[in-house]
Amino acid sequence: MIVRMEVGIDPNSQLVTDVVAKAQQYGLRPDVRLEKGTHYPLTEIYLLDGERVRSCTVSDHIFRLPGVDTVERVTPSMVTLACNGVRDAHHIQLGQSIKIGYGLPCQPIIGPCTVYPDIKWTVRELAQMGIKAIRGGCWKPRSSAYSFRGFGRKALCWLLEAAGDNGMEIVWTEALESKHIDEIRRVKKEVGYTGEIGIWIGARSAGNQELHVELGKQHEFPVIIKNGIYERMVRQLFTRVEFVLAGPMHWREDGTLDEERSLPRGNNRIGICVRGTESLDPDSPFRFAPNHSLITTVHEKSWAPVGVDPSHSAGTMRNDLVLKNLAAALAYGPDFAIIEAGYPDDCHGRCDAEQNIPLGRVPEVLEMIAQHNRQSGLVMT
Ligand code: PEP
Ligand code: MN
């Protein structure tokens, strides 16, 4: 639970002491914090689980005392993610000139679903359009056992060589399992790529806890977590983000957490991406039900940057659904947009070819995002 005091109330005031005393009376562990905030400082009291009492078992109305502005129920993950709240949203530096976070311009991340041998040509074309952040899948999770699963390590070499040759600042790719993190590290060295690499956790890896934990133990690669196909609630996403934020954990032989050795040292260069969830409407032209409104919830509840993938839920350029999807998502103010583009026109057999934005229409996409940034008065700081 988070108790937020009214603006102007000092952490040392009697009103705060009263809340703290009440929390102790109920067996909870109060943690008083003065959050700097972007606009004004605010006193917040985090009511953490006590030795014998879990915060979720105590009613919140108990803390609606004089001087209290709001009492918010949050899951344990939401406590970590809410530290500093939206008032101090994290801005994450990626490469030399790219920063993502709430209040900054929406950043495009553009590239093909899957890396094929012609990636060199695609990346050169994207670079000529001024694109500095690209995406490309090397290990592909598929719905059918008989579909192409990506060229793996070989594809990563092509992708990083192309990125290096064309001055890309950051390349995003998907890790399907923990061992891919090391593989990415080794290929980066082998190719001599000096830019940044970001790793995304795809919708089908929502249950892969080990991958989350391993990405949390390293600080070299920033991470984007996409919502799982059946993951409709922001708090489910936050629970997974927590595994990356937590970092290495140590437990004593009796199974209790050794807090001294388990200070939060995880990877906090992390963003969340909404990509649509299972569609319950058999007549919908969308492959997945768009869930753009979660962008607002994440912004309100956490400091984490949140972006959109308008490609996978739309699933077709035939009716320009990808672009309509992007336009709808921009209304919610995503901090970044990951968009599949860059296959040649004749690419029918390729992975996710139906939703590919042909290279010729990429400038249109860039202009949509640029126009949104201009109209929203978003400038890079
Ligand atoms: C992808 O980005 O190509 C991908 C497989 O995405 P998702 O995990 O969202 O389906
Ligand atoms: Mn794809």
Exercise. Suppose every K and R has +1 on its Cβ and every D and E has -1 on its Cβ; what is the size of the dipole of the chain about the Cα centre, in Debye to the nearest 20?
Worked result: 360 debye
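To make sure I understand, if each residue's beta carbon is the centre and we count other beta carbons within 10 Å, what order do 306, 379, 58 fall in, fewest to most? Each step should come with its number before you reach the end.
On the way: 306 27, 379 10, 58 20.
Least to most surrounded, the residues fall as 379, 58, 306.
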Problem set entry | the stretch 161-263 shape via C-alpha gyration tensor axes, a/c threshold 1.5 | oblate
Problem set entry | Segment residue 319-residue 204, length gained on full extension (0.36 nm per residue, minus Cα span) | 38.8 nm
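Within the stretch 137-188, list the chymotrypsin sites (Phe, Trp or Tyr not before Pro) lying in a DSSP loop whose Cβ has at most 11 other Cβ atoms in a 10 Å radius. Numbers along the way, then the final one.
Values: sites: 139, 146, 148, 151, 158, 172; in loops: 139, 146, 148, 151.
Loop-located and lightly packed - 146.
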Problem set entry | Prolate/oblate/rounded call for the stretch 207-257, Cα gyration tensor, a/c under 1.5 rounded | oblate
Exercise. Which lysines have a Cα lying under 25 Å from the Cα of residue 188, excluding residues fewer than 8 positions away in the same chain?
Worked result: 99, 120, 132, 140, 154, 179, 217, 226
For this session: Divide by every residue of the chain the summed helix terms, -39500 (n - 2.57) for each DSSP H run of at least 4, and state the resulting mean residue ellipticity at 222 nm, rounded to the nearest 500 deg cm²/dmol.
Result: -9000 deg cm²/dmol
Seminar exercise, completed: Listing 153, 252, 124 by rising number of other beta-carbon atoms within 10 angstrom, fewest first, gives 252, 124, 153
For this session: Would you kindly derive the ³J(HN,Hα) couplings of the stretch 8-14 from the backbone phi angles with the Karplus curve 6.51 cos²θ - 1.76 cosθ + 1.60 (θ = phi - 60°), listing them in order in whole Hz, with x for Gly and Pro?
Result: x, 7, 6, x, 8, 6, 4
Exercise. Each label point is 7 Å from the Cα along the Cα-to-Cβ direction; what then is the distance between the points at residue 36 and residue 6, in nm?
Worked result: 2.7 nm
Seminar exercise, completed: antiparallel share of DSSP beta bridges within the chain, to nearest 5, in %, is 45 percent
Exercise. Measuring from label point to label point, each 7 Å out along Cα→Cβ, what is the residue 345 to residue 18 span in nm?
Worked result: 7.3 nm
For this session: First measure r as the distance between the Cβ atoms of residue 154 and residue 125, then evaluate 1/(1 + (r/R0)^6) with R0 = 22 Å and state the FRET efficiency to the nearest 0.05.
Result: 0.55
Seminar exercise, completed: Amide H proximity to residue 69 below 5 Å, modelled H, separation 5+ or other chain, gives 4, 5, 6
For this session: Within 10 Å of each residue's Cβ, count the other Cβ atoms and sort 372, 250, 212 from fewest upward.
Result: 250, 372, 212
Exercise. Could you give me the ³J(HN,Hα) list for the stretch 227-235, computed from phi with Karplus coefficients 6.51, -1.76, 1.60 and θ = phi - 60°, whole Hz, x at Gly and Pro?
Worked result: 5, x, 4, 9, 9, 9, 10, 4, 5
Exercise. Which value results when the Cα radius of gyration for the chain is divided by 2.2 N^0.38 Å?
Worked result: 1.05
Exercise. Could you give me the ³J(HN,Hα) list for the stretch 342-348, computed from phi with Karplus coefficients 6.51, -1.76, 1.60 and θ = phi - 60°, whole Hz, x at Gly and Pro?
Worked result: x, 5, x, 4, 8, 9, 4
Problem set entry | Global geometry of the stretch 2-45, whether rounded, prolate or oblate, following the gyration tensor of its Cα atoms and the 1.5 cut on a/c | prolate
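Relative to the Cα centre, what is the charge dipole magnitude of the stretch 178-317, using +1 at the beta carbon of each Lys and Arg, -1 at the beta carbon of each Asp and Glu, and rounding to the nearest 20 debye?
320 debye
Since every read-out is calculated from the coordinates, none of them should be taken as a lab result. If you're wondering where the values come from, they're calculated on a predicted model, not measured in any experiment. Quick reminder, even Gly has a Cβ in these numbers, built from the backbone with ideal geometry, and neighbours come from all protein chains shown.
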